[in-house]
1. Report the residue count in region 551-575 for those that are farther than 15 Å from PHE634 by Cα and open to solvent by less than 50 Å² (accessible area, probe 1.4 Å).
2. Listed residues GLU621, GLU609, GLU625; which is of a type in the set (Asp, Glu), assigned to a helix (DSSP H, G or I) and within 27 Å of ILE709 (Cβ to Cβ)?
3. What number of residues within region 593-632 satisfy the criterion of being of a type in the set (S, T, N, Q) and closer than 21 Å to ARG651 by Cα?
4. Looking only at region 403-415, count every residue that is open to solvent by 60 Å² or more (accessible area, probe 1.4 Å) and either under 18 Å from the mean Cα position of the chain (by Cα) or farther than 22 Å from LEU224 by Cα (or both) and tell me the total.
5. Please state which of the following conditions HIS36 fails to meet, knowing it meets all the rest: (1) open to solvent by 60 Å² or more (accessible area, probe 1.4 Å); (2) farther than 18 Å from PRO142 by Cα.
6. Would you say ILE615 is surrounded by 17 or more Cβ atoms within 10 Å (Cβ to Cβ) and modelled with pLDDT under 85?
7. Among the residues of region 676-710, which ones are of a type outside the set (A, V, I, L, M) and within 16 Å of TYR397 (Cβ to Cβ)?
8. Is it the case that PHE601 is open to solvent by less than 50 Å² (accessible area, probe 1.4 Å), among the aromatic types (Phe, Trp, Tyr) and either out of contact with any Cys (no Cβ under 9 Å at 6 or more places or on another chain) or modelled with pLDDT under 80 (or both)?
Amino acid sequence: YYGRPWSLNQRKILFETCLRFGLNTYVYAPKDDAKHRSRWRDLYTNEELNELRQLIHIAKQCEIYFIYALSPGLDISYSSEKDLLALKRKFDQLSSIGCEHWSLLFDDIENEMSQEDKNNFPSFAHAHVSLTNQLYEYLNKPNIFLFCPTVYCSRMAVPSLDKSSYLQTIGDGLHPDIDIFWTGPKVVSRQITVSHILSVNNLLKRCVTIWDNLNANDYDQRRLCMGPFSGRSLNLSSHICGILSNPNCEFELNFVPLNTLAQWFQSIKLNEKHRQYDNDDDNDNNDIFRLEIYQVDKAFNQSLIDWLPEFNKIKSANYSQEIIKIDNSPEEMNPKGASSSSLSLINDEDSQDSINENQMYSSSSKTHKMECDQNSIHYDLTIDDIRLLVELFYLPYQHGPNVQQIFMEFYWLRCNYNPHQNLNEWRCRAQLFHNNAKNISRLLEKLIKIHNRALLYDVYNYINDMNSTVILCSKYLHWIDDDHKRSLVFMSGDIEPWSKRGGLAGDFLDILPLGDFQSLIKSDLNSLSNTFIIRPMTSDDQSSIYDLCSTVCYQDDLSHLLNQYSQILADKIIGGYVSSSLNNNNLCFVIENDQDKICGFLLTINESENYDKYIQTKWIEQLHEKYPNVDQNFFELTECPQWIYDRYSVRIQIFIDSTMNKNNIYYLGAKLMKILIKNLSQQGFRGCHTLVDERFTLLHQFYLNLGFIDIPIIDQTNQNILLGKQF
């Protein structure tokens, strides 16, 4: 990650944790170790080398593969013998202290070469292949050698994944025993599917190693990603060389990500054992085993139980600087006995009473309380507290389920205050929000008292900021329900810095239309610049709405399909709506401009649950028959959980010509939603939802601007985003 590198002691604890969890590989690649990246040519000093020697020794004791990575891409000359010699010297230095596994990284660099390099190599990729192969041969073809390409996810591939000349050259030219890092469809991938990995493996001519950024947070200083490992099927295991998790910068806050990754891995190992048993002809009871399924919720809950005792271990804020005493005996440590005789700390606090590490907690209810045996003090941090903490800082594309509901509730309260209508309901729901705000405040108070000060200091700024924000939201709800509207914050024009965060960066972001819940309508937008007519849809409109759908959703990586099958994208996205008898024709509208051309439309399905059954049993089958040569996964259906059908039972699709003025697009979308909500409310409906391919970023943003919110589906296996709106 980019940030202050972890200390030797922190890495030692990490290795012991990996040993306990059953994880086996560590890549040393802190971007801010100057001699790893910006000053890669410089050799380490004796003091630095001694620390790395200790680190490698500890890793071997814990049976962890220690992989040293070098990142020379910022300024290397690929045709320079001097630079090649510098690389060899650097690896020789690490080899002399026991390093046996290597990685060469060319991520996050410019793809320009010097004129000398251009004279020697046909392309950037050829330069990478040549240099990497030379080093691999020089190191005598080590068992582990990992290469990170400059194009390390689908989104970076130009013009598309299957047509990337860079990746084709890497796959063709790199020695077949060199492993390649890959982050998935994106730098930070919501899901990584088997079909995606198969296409990447086919292109690179080997099974890739996933470099997983799901829990990385170095790109956003106000974000933590403490949630469970998810969005990766167990079926990936037979198509990849491994998974390496890029962590949160805050060392203490990676317990849940690593613990759940370990549970994912253990599920794979159990399945492998079962398959081995099934293949044993000497056994007659092959049917007694069932394949293990990785359940995110179950793994998350177990990780919280495992993490809870860590909060009350005595650990000072400066523990990372404590001196490590290494047992340099040649005997290897038994993984089952990671004892203090092999690895120990010289610690000023060793003489102090410590919390018994064999913490007791009751599983008779959802509340697990920690007990400090020595002093008979009952500490009241609970499993539910830790769950709330993690859900507040969950995953890049989703908040924790309970916190998501709190957020949705505030959004409803923000938009639905009416002193003359349903005020009692509003106040009851507001009270629930106030109670949740108090729970977050109580969580902060409990965290301040924990013995593990290192953990506290890693999380404190984040939870304190979150607490202040939610308190401000709570005060806002009190304010709008106050006839006198007394406030020093809201609408006063004289605000404190703490009520508006972000400094200069925040001011810049306020200018951009990025906010999911900020209205983009300007105060002077009282009319449209053109005349538009909204009318009911007819069967004669199908050709026009098909064309518009294909235009709005067009992506470069779909061009080859659309060139062959002009209607395939529209068939996939809206074909089921048009063909289904479940289509609510009374609530399907088109927008015509002053030239009588259709420039937008709205499709509505009231019975979305029955509609999905129709799609799965009939429409997808028809598409397979119509497009027999297209990968069947292209038509994959997103299955919604039952509560979506119950709470947001109506499914809609809105498409508006993206070449129009942005204000007009939003205004027309808002007008369609106003008509729709009025009609649906009269019929007793309280919410609607839609599905958007995550590649259609403008369409996704359009729905967010209309007041829809992202709804997490932890186990979804494709790239669709589910959005919902209550009214």
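The values are calculated or read from the model by the stated rules, or taken from the named source; none is laboratory data. Since the model is a prediction, treat every value here as computed from it, not as a measurement. Don't worry about glycine lacking a Cβ; one is built from the backbone with ideal geometry, like all the others, and counts go over all protein chains shown. The area values use the complete protein model at the heavy-atom level, side chains included, leaving out ligands, DNA and RNA. Shrake-Rupley method; radii C 1.70, N 1.55, O 1.52, S 1.80 Å.
1. Going through region 551-575 one residue at a time, the tally reaches 1.
2. Within the list GLU621, GLU609, GLU625, the selection yields GLU609.
3. 6
4. Of the residues in that region, 2 qualify.
5. (1)
6. Numbers: surrounded by 17 or more Cβ atoms within 10 Å (Cβ to Cβ): yes; modelled with pLDDT under 85: yes.
In short, yes.
7. Correct list: ASP693, GLU694, ARG695, PHE696, THR697, HIS700, GLN701, TYR703, PHE708, ASP710.
8. So PHE601 fails the test.
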